[in-house]
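One structure is given here, and the rest of the page talks about it.
None of the figures in this text is laboratory data; all of them are computed from the coordinates on show. Everything numeric in this text was worked out from a predicted model, so none of it was measured. Cβ placement follows ideal geometry from the backbone for every residue including glycine, while neighbour counts extend to all protein chains displayed.
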Amino acid sequence: MYRKEALGPGDVGKINYTSSINDDAEIFKYVVAALIVHVNELEKNGVLSEDEAAKIREALRGIYRDGYRPGEGFEDVHEFVEAELIKRVGPLGGWVGLGRSRNDHVATAIRLRLKEYVLDLMNVLVEFRKTLLNKARETADQLIIGSTHKQPAQVTTLGHYLLALDELTSDLIDLLMASYRVIDKSPLGAGPLAGVLTRIDRRREADGLGFGGVVNNSIYATGSRFFMTQVLAIIVSYLVEVGRFINNVEMWLMPQLNYVITDPSHLATSSIMPHKRNPATLEVFRARIGEAIGHLMAVLAIERPVEFGYQLDLQEATRHAWAVMRIAIDGISILKDFIEGVKVNSERVGEDLAKYPVTTAEYAEKVSISEHRPFREVYNEVARVIRSDELGKVLLDPVQIINEKLNEGSPNPNQVREEAARRLRSIEQLSNWILNNKNKLLSILKLL
Ligand code: ARG
């Protein structure tokens, strides 16, 4: 439709090659909602009569109700909806091209869809935090040998590890709240690059779509994808850290360590070795975290050569954003379920505590303080004992050791339980923030 008079009908093969019509299923709802708000605006500023605007709105709602089945030959959802509109109400449908371009329109729809994904992810993260914190309380005194360099390091507890993962997740949620404000600005009315002549109240359009504000500059509004890359970078950075925790769990699940026991629904076996118990769900999540890095790199690499205005390259970046969001939402949901079912095999941990000296740092600390001798002197003495066969001399009771740790953030079980309880109490506020924003976003569905 767009190209007919300018370039001729074109070639279906090439139109399909450059088309975003399939990817646009993600944003169809928001594309129609933004058009309705735009028609409202054209009515309010007197371009369209009440009757004309009503007819167009009605047809747009009909298009939405009939679902997204665009078929072939359209460049994108924008062309499909406009063509469908003209089919339904005749040339009157052509008014929707006034005072609007695909560049501000698609940026608007992408921001709305991204807001929905971010809020859905935040909901999953809050539920994940509740699981982590409840489990942390439950396992605050279940010992685990913590490792560094994949070597036994110090004694701690599963609860202490889970509080670490929870603090990471809380930091992500903080960043997502700030990140949401960057996404929550409307580009609608910015035109293709340098605005439009038609009088548009951009703030009123933004309000109509439940945005918190507008992107002021029309070049930034249409040409930039920073609103997308910033949130993806934060999420992918978080996922990489989560993947590292998965590495720990994977070690603990090895029969050679056997420190934790999982619900068998997270395991798979082998087609030939019936003894195998493979941590399938964690392996797949970890692989998808790798994919998420790839998707983030794809978005950045696609955007990098594009000038500071719209080029069709940007269209090709969008699907990678949705992929990252789905990887995060699905993966965290799986990990939450894993954590709910995990149990510490205290007997096995106890055996290794008797075998590996993991309280020698604390032993040296104690001697250094009680005998008032420089730490290095004691450290060297302890090192010599470890090399001799008198290891038993420097082994301390691990339970006593963690109970004696009183500094903030240590594995002291009382402290872990209190901290978990404190964090659980503060979570309600987060749920309210998410709910308010979700309601604001969903309110635009009333337009349809
Ligand atoms: N389908 C495009 C996208 O998803 C929007 C259209 C902009 N096209 C253009 N030729 N200016 O980004």
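Could you work out the mean projected area of the convex hull around the alpha carbons of the range 225-288, in square nanometres to one decimal? Numbers along the way, then the final one.
Values: hull surface 22.2 nm².
Computed as one quarter of the Cα hull surface, the answer is 5.5 nm².
How would Ile444, Ile56, Ile219, Ile63 line up from fewest to most surrounding beta-carbon atoms within 10 angstrom? Kindly include the intermediate steps, with their values, before the conclusion.
Details: Ile444 19, Ile56 25, Ile219 15, Ile63 22.
The most exposed by this proxy come first: Ile219, Ile444, Ile63, Ile56.
What does the convex hull of the alpha-carbon atoms of the range 1-147 project to on average, in nm²?
Details: hull surface 58.3 nm².
Its average projected convex-hull area is 14.6 nm².
About the Cα centre, and with charges only on the beta carbon of Lys, Arg (+1) and Asp, Glu (-1), how big is the dipole of the range 60-117? Nearest 20 debye, please. Walk me through the numbers before you get to the answer.
Numbers: 10 positive and 9 negative charges, 61 e Å.
In total the dipole reaches around 300 debye.
What net charge is computed for the residues neighbouring Thr269, neighbours being all others with C-beta under 10 Å from the C-beta of Thr269, Lys and Arg scored +1, Asp and Glu -1?
On the way: positive: Lys276, Arg277; negative: none.
Net charge in that neighbourhood comes out at +2.
Name the long-range amide H neighbours of Gly191: under 5 Å, sequence gap of 5 or more, or other chain; modelled H, no Pro or chain starts.
Here the answer is Ser101, Asp104, since their amide H atoms fall under 5 Å of that of Gly191.
Taking the beta-carbon count within 10 Å as an exposure proxy, list Leu424, Leu391 from fewest neighbours to most. Before the final figure, lay out the partial values.
Working: Leu424 17, Leu391 14.
So the ranking, lowest neighbour count to highest, is Leu391, Leu424.
Evaluate the charge dipole of the chain about its Cα centre and quote only its size in Debye, nearest 20, assuming +1 on the Cβ of each Lys and Arg and -1 on the Cβ of each Asp and Glu. Intermediate values should be presented prior to the final figure.
Values: 55 positive and 60 negative charges, 90 e Å.
Magnitude of the dipole: close to 440 debye.
So, counting K/R as plus one and D/E as minus one, what does the shell of residues with Cβ under 15 Å around Arg203 add up to? Write out the running numbers ahead of the final one.
Details: positive: Lys44, Lys185, Arg199, Arg202, Arg204; negative: Glu41, Asp104, Asp184, Asp201, Glu205, Asp207.
It works out to a net charge of -1.
Quick query: amide H of Ile144 versus all other amide H atoms, modeled in the peptide plane; which residues come in under 5 Å with a sequence gap of 5 or more or a different chain?
When sequence neighbours closer than 5 places are left aside, the close amide H contacts are Thr156, Thr157, Leu158.
How high is the relative contact order of the range 30-136? Use alpha-carbon pairs under 8 Å, at least six apart in sequence, and give a whole percent.
Working: 57 pairs, mean separation 32.5, N = 107.
RCO, the range 30-136: 30 percent.
Taking θ as phi - 60°, what are the ³J(HN,Hα) couplings along the range 196-202 by the Karplus curve (6.51, -1.76, 1.60), each to the nearest whole Hz, with x for Gly and Pro?
10, 7, 3, 6, 10, 8, 5
For the range 145-275, with equal point scatterers placed on the C-alpha atoms only and solvent neglected, what are the log10 I(q)/I(0) values from the Debye formula at q = 0.09, 0.10, 0.13, 0.19 1/Å, to two decimals?
Debye curve over Cα of the range 145-275, log10 I(q)/I(0) at q = 0.09, 0.10, 0.13, 0.19 Å⁻¹: -0.52, -0.58, -0.73, -1.10.
Against the longest principal axis of the chain, how steep is helix 360-370, in degrees 0 to 90 to the nearest 10, with axes from Cα atoms?
60 degrees
Top mean-square fluctuation among Ala34, Ala190, Ala301, Gaussian network model of the chain, C-alpha springs under 10 Å?
Sorting by GNM fluctuation, first place goes to Ala301.
Setting aside same-chain residues fewer than 8 positions from Lys150, which aspartates and glutamates have a Cα under 17 Å from its Cα?
Glu241, Glu250, Asp352
What distance in nm separates the two pseudo spin-label positions at Ser431 and Tyr356, each 7 Å out from Cα along the beta-carbon direction?
Label at Ser431, label at Tyr356, 3.9 nm between them.
Based on the Cα coordinates of the chain, what is the per residue volume of their convex hull in Å³? Let's see the in-between values first.
Values: hull volume 85.6 nm³, N = 448.
Each residue corresponds to 191 Å³ of Cα convex hull volume.
Bins of 5 Å, beginning at zero and ending with the bin holding the largest distance: percent of Cα pairs per bin for the range 211-346, please.
With 5 Å bins starting at 0, P(r) equals 2, 9, 17, 16, 14, 11, 9, 7, 6, 5, 3, 2, 0.
Need one number: nm distance between label points at Ile272 and Val284, each 7 Å from Cα along Cα→Cβ, rounded to one decimal.
2.3 nm
Loop only per DSSP, at most 15 neighbouring Cβ atoms within 10 Å: give me the GluC sites (Glu not before Pro) in the range 275-377, ordered by residue number.
Working: sites: Glu283, Glu291, Glu303, Glu307, Glu316, Glu340, Glu347, Glu351, Glu362, Glu365, Glu371, Glu377; in loops: Glu307, Glu371.
Answer by residue number: Glu307, Glu371.
Tell me the mean residue ellipticity at 222 nm calculated for the chain from its helices only (DSSP H runs of n ≥ 4, each -39500 (n - 2.57), averaged over every residue, nearest 500).
Only helices count here, giving -21500 deg cm²/dmol.
Taking the 0 to 90 degree range and rounding to the nearest ten, how far is the long axis of helix 28-44 tilted relative to the main principal axis of the chain, both from C-alpha atoms?
Long axis of 28-44 versus the principal axis of the chain: about 50 degrees.
Along the Cα→Cβ direction, 7 angstrom out, place labels at Met251 and Glu72. What is the inter-label distance in nm?
In this crude spin-label approximation the distance works out to 5.5 nm.
Roughly how tilted is helix 346-355, in degrees to the nearest 10 and between 0 and 90, from the longest Cα axis of the chain?
50 degrees
For the range 155-200, count all C-alpha to C-alpha pairs, find those more than 11 Å apart, and express that count as a whole percent of the total.
Numbers: 777 of 1035 pairs.
Within the range 155-200, distances greater than 11 Å cover 75 percent of Cα pairs.
Quick one: what Rg and Dmax do you get for the range 322-395 from the alpha carbons, in Å?
21.2, 61
Full extension from Ala383 to Ala178: what is 0.36 nm times the residue separation minus their Cα-Cα distance, to one decimal in nm? All intermediate terms of the calculation are to be shown ahead of the outcome.
Details: separation 205, 0.36 × 205 = 73.80 nm, distance 4.88 nm.
Separation in residues times 0.36 nm, less the Cα-Cα distance, equals 68.9 nm.
For the range 268-279, in order, what is each residue's ³J(HN,Hα) by Karplus, 6.51 cos²θ - 1.76 cosθ + 1.60 with θ = phi - 60°, in whole Hz (x at glycine and Pro)?
10, 10, 10, 6, 10, 10, x, 7, 6, 9, 8, x
Of the trypsin sites (Lys or Arg not before Pro) in the range 134-221, which ones lie in a loop per DSSP and count no more than 12 other C-beta atoms within 10 Å? Don't skip to the end; give the middle numbers.
Working: sites: Lys135, Arg137, Lys150, Arg181, Lys185, Arg199, Arg202, Arg203, Arg204; in loops: Lys150, Arg199.
Here the sparse-neighbourhood loop sites are Lys150.
Mind listing the phi-derived Karplus ³J(HN,Hα) values for the range 382-388, rounded to whole Hz, using 6.51, -1.76 and 1.60 with θ = phi - 60°, and x for any glycine or proline?
Calculated HN-Hα couplings, in order: 5, 4, 5, 4, 4, 6, 7 Hz.
Check which residues have an amide H placed less than 5 Å from Asn278's amide H, if you skip close sequence neighbours.
Ala268, Thr269
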